[in-house]
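Sending over a structure as structure tokens; questions will come in a sec.
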Amino acid sequence: MLTAVKHNAYVLKFISQRLKDDKDVALAALKTDGMVLEYLSEKFKDDEKMVLVAVKNHGTALISASDRLKDNEEIVMAAIQDVSYSFEYASDRLKDRKELALVAVKDNGYMYKKISERLKKDPELMMLAYISKKSITNSFPEHIKLEVQDLSPNAIVKYLEVLSLKESLEKESTSQNKENKKIKL
């Protein structure tokens, strides 16, 4: 059976449940094509090592992972590094993680639509999304849409760069103020 699975992982669709529960068969199949995670038993869909093998082979295998593992940062990062649109299947909590959103949006601007509402206000993410997919401005927050609607593509990028820089400086200033307060105490 291992030889058959290594040759064509989709034979899993037609084998007995007992063989689908066999770890060696499952691992061989996932190494051949991660998308066959869908046909494996539930225990493998909730097994970190098996799901990691699956998403490294084919990021969109994340769709078949357990909810618990769709909330695992290492697994989701591996999935989006392989196929950025697998970010769509991540938990809501992880869709609010800027590090993950940056990877997904940089590769595929459309993923901006899948990030959390909080991150949709992030100028850096807006800029990356726009560079990748010009029509994404329709998904920007209303006040940004109004600001950029009559600008040229280059002007939109410059606007978002300035907005991003402004936000970074404000964060740095807030951090400095907190440090100064600690020193005074």
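The values are calculated or read from the model by the stated rules, or taken from the named source; none is laboratory data. Being a predicted model, the structure only gives us computed values, none of them experimental. When we count neighbours, we look across all protein chains shown, and the Cβ atoms used for this are built from the backbone with ideal geometry, even at glycine.
Could you please let me know if Ala155 is surrounded by 12 or more Cβ atoms within 10 Å (Cβ to Cβ) and in a helix (DSSP H, G or I)? Steps first, answer last, please.
Values: surrounded by 12 or more Cβ atoms within 10 Å (Cβ to Cβ): no; in a helix (DSSP H, G or I): yes.
No: the conditions fail for Ala155.
In the set Leu12, Leu30, Leu52, Leu62, which member is out of contact with any Phe, Trp or Tyr (no Cβ under 7 Å at 6 or more places or on another chain), buried (at least 23 other Cβ atoms within 10 Å of the Cβ) and either modelled with pLDDT of 90 or more or assigned to a helix (DSSP H, G or I) (or both)? Walk me through how you get there before you give the answer.
Working: Leu12 fails: out of contact with any Phe, Trp or Tyr (no Cβ under 7 Å at 6 or more places or on another chain); Leu52 fails: buried (at least 23 other Cβ atoms within 10 Å of the Cβ); Leu62 fails: out of contact with any Phe, Trp or Tyr (no Cβ under 7 Å at 6 or more places or on another chain).
Going through Leu12, Leu30, Leu52, Leu62 in turn, just one is out of contact with any Phe, Trp or Tyr (no Cβ under 7 Å at 6 or more places or on another chain), buried (at least 23 other Cβ atoms within 10 Å of the Cβ) and either modelled with pLDDT of 90 or more or assigned to a helix (DSSP H, G or I) (or both): Leu30.
Here is a further query. Which one of Leu125, Leu119, Leu160 is surrounded by 13 or more Cβ atoms within 10 Å (Cβ to Cβ), farther than 27 Å from Glu74 by Cβ, touching a helix residue (DSSP H, G or I) at 6+ places or on another chain (Cβ under 6 Å) and at pLDDT 85 or above? Steps first, answer last, please.
Details: Leu125 fails: farther than 27 Å from Glu74 by Cβ; Leu119 fails: farther than 27 Å from Glu74 by Cβ.
Of the residues listed, the single one that is surrounded by 13 or more Cβ atoms within 10 Å (Cβ to Cβ), farther than 27 Å from Glu74 by Cβ, touching a helix residue (DSSP H, G or I) at 6+ places or on another chain (Cβ under 6 Å) and at pLDDT 85 or above is Leu160.
If you don't mind, another one. Report, by residue number, each residue of the range 67-97 that is in a loop (DSSP other than H, G, I, E, B), surrounded by fewer than 16 Cβ atoms within 10 Å (Cβ to Cβ) and in contact with a helix residue (DSSP H, G or I) (Cβ under 7 Å, 6 or more places away or on another chain).
Of the range 67-97, the ones in a loop (DSSP other than H, G, I, E, B) are 67-68, 72, 83, 90-93, 97.
Subset that is surrounded by fewer than 16 Cβ atoms within 10 Å (Cβ to Cβ): 67-68, 92-93.
Within the range 67-97, just Arg93 meets the criteria.
Go through the range 146-179 and count every residue that is among the aromatic types (Phe, Trp, Tyr) and in contact with an Asp or Glu (Cβ under 6 Å, 6 or more places away or on another chain).
0
His143 passes all but one of (1) free of Cβ contacts under 8 Å to residues at least 12 places away in the same chain; (2) in a loop (DSSP other than H, G, I, E, B); which number fails?
(2)
Check Glu142, Glu167, Glu172 and return the single one that is acidic (Asp, Glu), within 25 Å of Arg97 (Cβ to Cβ) and surrounded by 12 or more Cβ atoms within 10 Å (Cβ to Cβ). Before the answer, list the steps.
On the way: Glu142 fails: surrounded by 12 or more Cβ atoms within 10 Å (Cβ to Cβ); Glu172 fails: surrounded by 12 or more Cβ atoms within 10 Å (Cβ to Cβ).
Answer to the check: Glu167.
Looking at the range 117-140, which of its residues are assigned to a helix (DSSP H, G or I) and in contact (Cβ under 8 Å) with a residue 40 or more places away in the chain?
Going residue by residue through the range 117-140, those that are assigned to a helix (DSSP H, G or I) are 119-121, 123-132, 134-139.
If the condition is that a residue be assigned to a helix (DSSP H, G or I) and in contact (Cβ under 8 Å) with a residue 40 or more places away in the chain, then Pro123, Glu124 are the ones that fit.
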